[in-house]
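Peer 1: Can you read through this structure? Questions will come right after.
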Amino acid sequence: EVDRYGIAKPRSAVGDMFTGASLAYGIPNVGTSLDAWFEMDYIVLWSFNPNATRIPDAHYLWEAKWRGAKIVVISPDYNPTAIHADLWIPIQPGTDSFLAMSLVQVALAEKLYKEDFIREQTDLTFLVREDNGQLLRLSDLRKGGRDDVFYCWDEAGGKHQAMPGTRGHFRKTLRLGTLKPALTGRYEVKGADGRTIPVTTVFEKVRAEAMKFAPEATQKHTGVHPDVA
C-alpha cells in the first residue's frame, strides 16, 4: 500500500495478533488499522473480500476509490469486492505462488527495488555456502565460533564481514556504517579447517529461483497474461 505521497505503508490488518511479529520484534502487530485505506493511492487485495468479510471497514476502501485510489483484486471468484474494483485478476485457484514469484521475477529483472534498503533492512546480502546451501556463520570460520553471527561480502573492504544486528553480533543495530554489503557475486572464504568455502549471496539465490517464473512461463498455470504481471 502506498500513501498519497508515494510512501509505502505497512500492510493493514485487523483481528488476531501476529505471533511471529511478537517473537521477532517484540510488538504484536506490524500493520495499521484498516482506516489507513482512505489514504492509499493504489490498493491490491489478494484473496481478500472485505465487502463480505470486513463489512465494518469496507467503506474506507470505497472512500479511497472516490478520492482517486486504484483498486486491484486478485481472486478466482468475481466476488462482492471484485465487482467494484478497477481491475479484477481472475487467477486460477491454487496458483497464487506462481504469480507471486512472477512479480518477484519482474521486480528483480527490471530492478524495481532500492539497493540501499535491501543492503540494510534485509538478509538478501547474507552469504550462503555453495557446498551445503547454508548461511555462512562464525562457526564455519572459527572453531568454537558462534552459529548466530552471519556474514556479508563487504564491497568497501573487499572481504567478508559480520553483519551487525544479527543475534550474536555485538552491535545490536542494522546501521551499516562504512560497511557496504554486496548484493551479487561469488566469493571464497577460508573455513575453520583451512579449506576454501565458496559462497554467494541470498540475493543471487533468490534471483536464480525467480528467473524460473517469468510471467510468460507461469501464464499456463495462473491464467494471468504476462502484460498484467
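The values are calculated or read from the model by the stated rules, or taken from the named source; none is laboratory data. Not measured: the values here are computed from a predicted model. Every residue, glycine among them, receives a Cβ derived from its backbone with ideal geometry; neighbour counts consider all protein chains shown. Side chains are part of the model used for accessible areas, which takes the heavy atoms of the whole protein and leaves out ligands, DNA and RNA. Shrake-Rupley method; radii C 1.70, N 1.55, O 1.52, S 1.80 Å.
Peer 1: To the nearest µm²/s, what D does Stokes-Einstein give for the stretch 98-179 at 20 °C and 1.002 mPa s, using the Kirkwood radius over alpha carbon pairs as Rh?
Peer 2: Taking Rh from Cα pairs, D becomes 151 µm²/s.
Peer 1: Further question on the same structure: Accessible area of the stretch 151-229 with a 1.4 Å probe: how many percent of it is carbon plus sulfur?
Peer 2: Looking at the stretch 151-229 in its full context, I get 48 percent from C and S.
Peer 1: So for the pair Asp123, Leu108, with labels modelled 7 Å out along Cα→Cβ, what separation do we get in nm?
Peer 2: Inter-label distance under the simple model: 1.7 nm.
Peer 1: Now for a separate question. Please provide three numbers in whole Å: the alpha-carbon extents of the stretch 115-229 along the principal axes, with the largest listed first.
Peer 2: Principal axes ranked by extent give 52, 30, 24 Å for the Cα atoms.
Peer 1: Next question, about the same structure. Quote the accessible area belonging to Val72 in square angstrom, nearest 10, computed with a 1.4 Å probe and with ligands, DNA and RNA left uncounted.
Peer 2: 10
Peer 1: Could you provide, to the nearest whole Å², the per residue accessible area of the stretch 94-178 with probe 1.4 Å?
Peer 2: 60
Peer 1: Pairing the Cα long axis of helix 96-109 with the longest principal axis of the chain, what angle in degrees results, from 0 to 90 and rounded to the nearest 10?
Peer 2: Result, in degrees: 60.
Peer 1: So, one more: Expressed in nm², what is the orientationally averaged projection area of the convex hull enclosing the Cα positions of the chain?
Peer 2: Quarter of the Cα hull surface area: 15.0 nm².
Peer 1: Oh, and also: Report the extension gain between His84 and Asp147 in nm, rounded to one decimal, defined as 0.36 nm multiplied by the number of residues separating them, less their alpha carbon distance.
Peer 2: Using 0.36 nm per residue and subtracting the Cα-Cα distance, I get 17.5 nm.
Peer 1: Between Ala156 and Val228, what length in nm is gained on full extension when 0.36 nm per residue of separation is reduced by their alpha carbon distance?
Peer 2: The Ala156-Val228 span can extend by a further 22.0 nm.
Peer 1: Which of the peptides 52-60, 134-142 is most tightly packed, and how do the rest follow, going by the mean number of other Cβ atoms within 10 Å of each residue?
Peer 2: Highest mean packing first, the order is 134-142, 52-60.
Peer 1: Among Ala229, Val44, Gly31, which residue has its Cα furthest toward the positive end of the charge dipole of the chain, with +1 on Lys/Arg Cβ and -1 on Asp/Glu Cβ?
Peer 2: It is Gly31.
Peer 1: State the Cα centre-to-centre distance between the stretch 133-181 and the stretch 19-70 in whole Å.
Peer 2: For the stretch 133-181 versus the stretch 19-70, the Cα centre distance is 36 Å.
Peer 1: Here is a follow-up. How big is the dipole moment of the chain about its Cα centre under a simple scheme where the beta carbon of each Lys and Arg is +1, that of each Asp and Glu is -1, and everything else is neutral? Debye, nearest 20, please.
Peer 2: The dipole of the chain has a size of about 860 debye.
Peer 1: Estimate the FRET efficiency between Leu135 and Ala21 by the formula 1/(1 + (r/R0)^6), using the beta-carbon distance for r and 35 Å for R0, to the nearest 0.05.
Peer 2: 0.95
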